[in-house]
Amino acid sequence: MSSGDREPGTPWDNVKEEPTCSGENSKHESAICSGSTEIKSCAVVKYSAAPPPTSYALLQEKTDLKLPPANWLRENPQLGSAGTTVLGSSSKSKPFSSFGMAYEFIDCIGDDVDVVSDSENIKKLLKIPYSKSHVSMAVHRVGRTLLLDDLDIQELFMKSSQTGDWTWLKEFYQRLIDEKWQRKKKSKEHWYQRAILSKFLYYSINGDGAAEPVPDNLNEGEVENEAEEFSSTWPTSFTSTPSEAEESDTAKQESVSLDSNFALGQVTAVLKEQNLPTLFNEGENSQGLRNDFVRNIMWTFEDIHMLVGSNMPIFGGGRYPAVSLRLRDNNKPINILTGIDYWLDNLMCNVPELVMCFHVNGIVQKYEMIKTEDIPHLENSNFSTRVVKDIAQNILSFLKSNCTKEGHTYWLFKASGSDIVKLYDLTTLCEEAEEGKCQNPFTLPVAVLLYRVASNLMLKARQNRKHYGTVRTLLLNCVKLLDQERHPQITASAHYMLSELFQLDEPPEEGGESLRAGGSEDSYSDEDREEDEEAELTEDSDENGSYSNCSNPQDDSKAVAVIRSVGELSVPEKYKSTHQIRPSGAFPVSQDKEERCRHVLSYVLKGLKAVDGSIKKESDLPAADPNTPIPLKYEDRNAIGACASEKGISLLLETAAGPVQGDQKHLTRSGMIPGSWQHHMKLQLFLKASKAYFVLSDAATNLLKYGRALRYIKLSLQCYDAYCSVSGTQHSQVLQFHSQCLSLCGDIQLMLAQNANNRAAYLEEYSYQTKEDQEILHSLNRESSCQAFNMAADLSMDPEYQLFVSSKCYEAAYELLISEALKDQESDQLAQLLRRLGNIRNEMGVYYMNQAAAMQTEKEVKKSVSVAEQEMWKKSFSYFEKGMKDFEAIRDSTNSALLLCNTGRLMRICAQAHCAVSGDQSRGEFSPEEALYYNKAIDYYLRAIRSLANRANHPLVWDSVNWELSTTYFTLATLLQDYAPLSRKAQEQIEREVTEAMMKSLKYCDLQTESARQPLYQYRAATIHHRLASMYHSCFRNQVGDEHLRKQHRSLAELHYSKAVCLFLSLKDAPCELLRTLLERVAFAEFTMAGQSSSGAKLKSLTGALEIMTESRHAFQLIHNELKEEEEEQVEPSEPHPEDSAQSPDVATGPTSGLNLQEVMKLIGVFEPSFSFLLLQLIKLMTTMKRKPSNKDEELLKTYKNVYSKLLRAEKNAPLLSRVSVYKDLLQQLTPQTGSDDTGTPS
C-alpha cells in the first residue's frame, strides 16, 4: 500500500506505520530479485503529507511540453515541493535537511538508525563509483547514527565573501583541492530540461484530459531567473552579516540573538514529566531546518537502516496503485546513472512500477511501463544490484570508522573527475585556524540535536538508568560545541539536565551495575578513549588496506581518511567498521554522596552562569530610588533577646508558609522577565542546588560534623529563599521539600546545643566555604538578599538560643505540612515531625528544669523561692505539656511516658525548693508545699505507668518510671519521718502516712527482675524495712498504756528488722547498714529484756540478743576485706618510699572507696560496749542460776568468759584493721558449730 493513501498534512505521530516491502504488484514480499541474487529492501512510511495518489493524466501524442499548462507553478499537494520548484529535487534547498528529520523522529536517533539523509544524497553516494561528478557532503555522528547533508561548498564561499566567515576553509580548499575554483554556471540546456519536466508533471496531474496550454510568454531567460528564484540559498540565520550581528545585539535586550532564535524554533519543549523547563518556542521554524519532505521513510536496505526524506510524486489509481512518472528524451538512451536513480527512488518509496514518457524536443511521443525489478536490466543501463549493496555497505563502514567524534562536522569530498574520496574533520580544521567555533554553521544544529536526543533519553532514563552514561556523553558534547554567550539557553538547560543525572534522593544501586552497563554496543565514545581507538583503527586499516590514514605526504595531510580509488567501493566487504565503540557508556557514579552533590553543584553553577550572562548587565538595570530604603530581611543578632527573637522567628514562619505573592508582572531583582526561559531555568537550578545542599547537610549530620551540616543547610535555605523571590507560586512537592529542610535545620541546631564542648571545631567547619559555594551564593544574591532564613541557620554560642531556634524550625516545618497546600498529602513526614517537635520540647523542658535546679544549688542561704526560679519552672512545665500533646497526637505512649516522668522530676525540684528553713538555717518541718509537689510528682509518675500499660511494651522506660515513682514515695516518707510536721499533725497520723508511703515505695521496688537496678532496689527495700523497724521500735519504747498496740508495734518491729537484715545480708556492699540494723535489733532485744523479771526469760532474751550480735560477723568480714584491700593499695605505690610505709593506717586516713571509716568507728563505739554488756550479763546470769548447769551450759559459759576476757584485753588504740579482725574472730568463736561454714562470707 502506498504512502499516498494518507490524508494530506497528517502529522507523523498520528499516521499508522505500515511496513511496505518492494515486490511484484506491491505484495508484501521482502525481496526484489536481481539475477541469481536477492537484495533485501523494506520501506516503512513514518510520515506522509501527500494526498492519496490519483491516476496520472495520459498526455496525447504530439502534446507540446514547451507550452506551460494553466496550473503551472501553482502549489499542488500531489506534487509537494516538486511542484513549487522547477528543480523537482530538494537537496540544494535544504542544507540541513537531515536535522529536520532527526528532530522530528528523535526516538530513532543514536541507536536504531544508521543513516539519516535526503534520498538525493543517498543516491549520490551509491553512484560514486559510476559517476565523475563531484561529491560534497557534511557528515555528523550521533551515537551510531550518521547524518548526511549536501554541502554546496561553492555557494558557502560565495556567502563567506560577503560575511568574512569561513575564509580559512576557502584558503584551504584553494590550496589543496582546486586552486582555481569558480562557480560553474548551469547551462541553458539544464534549465530547459528542468522546465519541461516541471510542465510535464503539471500536465500529468490535470485529471480532465489534456491541459490547456497558455501562451508561452516566458522566454528561456525568465525560466532561468524563475528557477534561480525557487532554488534556495544558504540559511541566513547561520551566516549573518555584520549588520545582522549588530541587530542581534540589540535584540538581546528584548529576547535572544538570531542564532538563539533559530534554536528556539528547533528544540522541542521538554515534556513535563522530565521536570525540565520548557525550552524553546515551537512557533518559529528557521529556514532549512524544517522537515518539509512529502514523506519520511524508514528504509532497510540489506542490513542498513536509513531514515530518508523523499519528494518524489507518486501517482496511482486503477490497475496501477502506485507508479512514478519519468520524462526522457527519446534521442538520449537511459544511462546507468539514471537507471540507478530510478531504481533507488522506487525502492525507497516502495513503488513497484515506473511510467516513462518519451519526448522529442518537448513533443510527447509515447509512454512505456517498466517494473522496478526490471530497471537494473534495461538496455544501456545494466547494473548489478549486489554491487550497489556492496557500495552502500562499504561507504557506511568507511564513514562509521572515521567519523568517530560526536559534535564534529566531517566533510566527505570527491572532486569532479577524481577517483579519490577524502574525509576531513572541519571542526578540527576550524580550531587550528583559530576561528571561533561559531564560524561553523553546523555547530548549533548538531548541538541542538545532541541535546534533543539526550532529552528524549532522559524520559527513558527515568525507568532505566542504564541510559545515564549515554545522556551524559551527549550533553557534554553538546555543551562543548556551544558558545555560552551566544546560546545561553541550551547551555543552561544542558547543564541542568547533567545535574539531574545524579540522583540525590535515591541510594546508589548495589555495585552501581545498572548505571555502568550503559547502552548497547553502539554507545557513545569518550574522548579519553579516542586515542586508543584511533591507534587500533590505524593498525587494522593498514593490514587490510581499506584506506590510508594520511601519513603519506603525497596524500592530503589534513584529511582524516582517504579512499584511494572509488573502484574499491565495489569490492564486497572491502571496508569494515573497525571503530570499536565503547561497550558501556560508563556513568561516573560515586558511592560517596558528597561527591555526587559536588558534581550536581558544579553543573548548577555553570547553568546559573549561562542564565546570568543572558540577562541584562547591571548597568542596564533601572536605577534605584535613593529615597527608598532597600528592604533587607535581617535583624541584628545582638538586638534580639529572648523576646525579640520571637519577632525574628515569625519571619521564618511566614517565609516557610509560602512566598509572598508578589506582582509577577514586574522584572525580578536581576532584570529577568517573569515567564521567560531564564525565569523557568533559574527556578529549576535554584531548587536543584537547594536539594544538593540539603543532601550534603544530611550526610554531614550523619558524620557528626554539625558545623559543616549547618553551613550546608544555610546554603540550601538561601537557595530556597532565592527560589521564593523568583517564583510566584509553589508546588506542593517544593513546599514538602522545604519542610524537610527546616526539619533538618532543627535537627542540626539541636545537636549543636547538645554538643557544646566541640564549639570551636564546629565554628571552624561553619566558617569554611568553597569557591564554588561563593559563586553560587553570588548568583543567588542577584535575585535575593538570601537573609530570610539567617536566624534559623546561624551558628550561635548559646545553647538556649540554639534549642529555641531548633523548636521554631520544627514549628515552621509543621505549619507547612498542615497548610492548605499539603494538608491532603498523606505522608509519614507529619508523624516524624511531631515526634521531633515532642523531642525538642522535652529538651527545652529539661534545659529549663536543669537551670532551675542549678539556681537552687547555687543559693548560699536557703530562702524563699525566687521569681527567676518560678519562671524556669513555668517554661519547663509549658514545654513538657506541649511535648506530651505532640506525642499523644501520634499515639507514642513511650515518649509520652518519658515526658510525664520528666514532669514528675520537675515537681520534685519544685518540692525541694519549698523546704522550710528555721532561723538557725537548719532544716525545718516538712511543709505542706513540699507535700503538694511530691504528690503532684507521684500523679505524673502514675500517669506514665498507665501510659505504658505494661513492662513488655518498653522495659527500659517502664523500669525507669518505676524507679522514679519508688524514689518519690521513699523521699516523701523519709522527709515525713525525719522532719515530722508535729506542729500540724498528730504523731499517729504522721506514722500512718510514713508507713503508707514506705509500703508504696516498697511496692514499686522490683526485687524479682534481674537488671542493673536490682541491687539498688534491694538496698532501698532493706532501708525501708530498717526505717519502718526503727519507727515501730521507737513507738514501742514510747507507747504507754495500750498493751495491745505495744505488742503490735513489737511484732512489726521484729518483722521489719528481720527483713532488713535478710536484704542487707544479700548485698555485698552495705556492711555499715547491716551492722547498724543488727545493733538496733540488739538494743530492741535488750529493751524487751528490761521489763522481764524471771531469770529464765532474761537468759532466753540475752541468748537471743547474743545470737543477733553474732550475725554481725558478716558485716565485720566485709569491713575487714575492704580495709585490707585499701591497705594493699596504699602499700604498693609507696614501695619506692620506705618512709611512707612506716606510717600505720589509722582512723585519720580518709574514707575508702565505698566505706565510711568515721561511720565504722562510730558503729564500733556502739558495738563494743553492747557486746561486752551482753557477755557480762550472760556470765552473771549463768553463774548465779540455782539449777545445776548441764555440760553444754558449762561449755557455753567457758566460751563466754574466754571471749569476754579477750574483749577486755583487746587494744583500744590498735589500728582499725586489727580491731575489726579481733571482733571478727571473737564473733566466730561464739558461732554454733552448725554455722561454722559461714565464716567465709564473701566480700
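For segment 1004-1014, indicate whether the set of residues that are touching a residue at least 12 places away in the same chain (Cβ under 8 Å) and in a helix (DSSP H, G or I) is non-empty. No, because not a single residue in segment 1004-1014 is touching a residue at least 12 places away in the same chain (Cβ under 8 Å) and in a helix (DSSP H, G or I).
Filtering segment 292-332 to residues that are polar (S, T, N, Q) and out of contact with any strand residue (DSSP E or B) (no Cβ under 7 Å at 6 or more places or on another chain) leaves only Asn311.
Can you name every residue in segment 383-428 that is β-branched (Val, Ile, Thr), outside any loop (DSSP other than H, G, I, E, B) and open to solvent by 10 Å² or more (accessible area, probe 1.4 Å)? Those that are β-branched (Val, Ile, Thr), outside any loop (DSSP other than H, G, I, E, B) and open to solvent by 10 Å² or more (accessible area, probe 1.4 Å): Val387, Ile395, Thr427, Thr428.
Only one of the listed residues (Leu780, Leu803) is part of a helix (DSSP H, G or I) and under 30 Å from Met844 (Cα atoms). That residue is Leu803. Among the residues of segment 350-369, those that are open to solvent by less than 10 Å² (accessible area, probe 1.4 Å) and among the hydrophobic types (A, V, I, L, M, F, W, C) comprise Val351, Leu354, Val355, Met356, Cys357, Val364. Residues of segment 649-693 that are open to solvent by less than 40 Å² (accessible area, probe 1.4 Å), over 15 Å from Tyr496 (Cβ atoms) and modelled with pLDDT of 70 or more: Thr668, Ser670, Gly671, Met672, Pro674, Ser676, Tyr693. The residues of segment 370-382 that are open to solvent by less than 30 Å² (accessible area, probe 1.4 Å) and outside any helix (DSSP H, G or I), listed by number, are Ile370, Ser381. Would you call Pro52 modelled with pLDDT under 85 and surrounded by fewer than 19 Cβ atoms within 10 Å (Cβ to Cβ)? Answer is yes for this residue. In this entry, Ala760 is excluded by the filter for residues that are crowded, with 23+ Cβ neighbours inside 10 Å, outside any loop (DSSP other than H, G, I, E, B) and modelled with pLDDT under 90.
For segment 328-342, indicate whether the set of residues that are open to solvent by less than 10 Å² (accessible area, probe 1.4 Å), out of contact with any Pro (no Cβ under 6 Å at 6 or more places or on another chain), under 26 Å from Phe96 (Cα atoms) and outside any strand (DSSP E or B) is non-empty. Within segment 328-342, one or more residues are open to solvent by less than 10 Å² (accessible area, probe 1.4 Å), out of contact with any Pro (no Cβ under 6 Å at 6 or more places or on another chain), under 26 Å from Phe96 (Cα atoms) and outside any strand (DSSP E or B). When the residues of segment 141-176 are narrowed to those that are modelled with pLDDT under 75 and among the small types (Gly, Ala, Ser), which ends up farthest from the chain's Cα centre (by Cα)? Among residues in segment 141-176 that are modelled with pLDDT under 75 and among the small types (Gly, Ala, Ser), the one farthest from the chain's Cα centre (by Cα) is Ser161.
Note on segment 896-954: among residues that are outside any helix (DSSP H, G or I) and basic (Lys, Arg), the one that is surrounded by the most Cβ atoms within 10 Å (Cβ to Cβ) is Arg951. Restricting to segment 293-324, and then to whatever is within 48 Å of the chain's Cα centre (by Cα) and in a loop (DSSP other than H, G, I, E, B), can you tell me which residue is farthest from Phe105 (Cα to Cα)? The qualifying residue farthest from Phe105 (Cα to Cα) is Glu302. On inspection, Glu871 passes the criterion of being in a helix (DSSP H, G or I), open to solvent by 50 Å² or more (accessible area, probe 1.4 Å) and among the acidic types (Asp, Glu). Considering segment 293-327, the residues that are of a type outside the set (A, V, I, L, M) and in contact with a Phe, Trp or Tyr (Cβ under 7 Å, 6 or more places away or on another chain) include one that is most open to solvent (accessible area, probe 1.4 Å), namely Arg326.
Those residues that are closer than 19 Å to Gln193 by Cβ, among the aliphatic types (A, V, I, L, M) and either buried (at least 22 other Cβ atoms within 10 Å of the Cβ) or at pLDDT below 85 (or both), I need them from segment 55-91; list them, please. Listed by number, the residues that qualify are Leu65, Leu73, Leu79, Ala82, Val86, Leu87. Restricting attention to segment 1096-1133 and to residues that are closer than 25 Å to Lys1059 by Cβ and among the basic types (Lys, Arg), the residue that is surrounded by the most Cβ atoms within 10 Å (Cβ to Cβ) turns out to be Arg1113. Within segment 775-797, the set of residues being open to solvent by 10 Å² or more (accessible area, probe 1.4 Å) and on the phi > 0 side of the Ramachandran plot is empty.
The residues on offer are Val479, Val471, Val453, Val448, and the sole one that is open to solvent by less than 40 Å² (accessible area, probe 1.4 Å), within 21 Å of the chain's Cα centre (by Cα) and at pLDDT 70 or above is Val471. When the residues of segment 809-855 are filtered to those that are without any contact (Cβ under 8 Å) to a residue 12 or more places away in the chain and assigned to a helix (DSSP H, G or I), the one that is surrounded by the most Cβ atoms within 10 Å (Cβ to Cβ) is Asn850. In this structure, Arg891 does satisfy being outside any helix (DSSP H, G or I) and either charged (D, E, K, R) or touching a Cys at 6+ places or on another chain (Cβ under 8 Å) (or both). Does Arg1037 satisfy the criteria of being in contact (Cβ under 8 Å) with a residue 40 or more places away in the chain, touching a helix residue (DSSP H, G or I) at 6+ places or on another chain (Cβ under 8 Å) and buried (at least 19 other Cβ atoms within 10 Å of the Cβ)? Here the answer is no, as Arg1037 does not meet what is asked.
Scanning segment 740-757 for residues that are of a type in the set (S, T, N, Q), assigned to a helix (DSSP H, G or I), open to solvent by 10 Å² or more (accessible area, probe 1.4 Å) and touching a residue at least 12 places away in the same chain (Cβ under 8 Å) yields Gln740, Ser743, Gln754. For segment 1204-1243, taking the residues that are within 25 Å of Gln1177 (Cβ to Cβ), in contact with a helix residue (DSSP H, G or I) (Cβ under 9 Å, 6 or more places away or on another chain) and of a type in the set (Val, Ile, Thr), the one that is modelled with the lowest pLDDT is identified as Thr1231. State whether the residues of segment 869-885 include one that is farther than 25 Å from Ser966 by Cα and among the aliphatic types (A, V, I, L, M). Scanning segment 869-885 turns up at least one residue that is farther than 25 Å from Ser966 by Cα and among the aliphatic types (A, V, I, L, M). Return a yes/no flag: does segment 351-364 have any residue that is in a helix (DSSP H, G or I) and either small (Gly, Ala, Ser) or under 22 Å from Ala138 (Cα atoms) (or both). No, there is no match, as no residue in segment 351-364 is in a helix (DSSP H, G or I) and either small (Gly, Ala, Ser) or under 22 Å from Ala138 (Cα atoms) (or both).
The values are calculated or read from the model by the stated rules, or taken from the named source; none is laboratory data. Just so we're clear, the structure is a prediction, and the values are computed from it rather than from any experiment. Here Cβ is always computed from backbone atoms with ideal geometry, including for glycine, and neighbour counts include all displayed protein chains. Note: accessible area is taken over every heavy atom of the protein model, side chains too, but ligands, DNA and RNA are not part of it. Shrake-Rupley method; radii C 1.70, N 1.55, O 1.52, S 1.80 Å.
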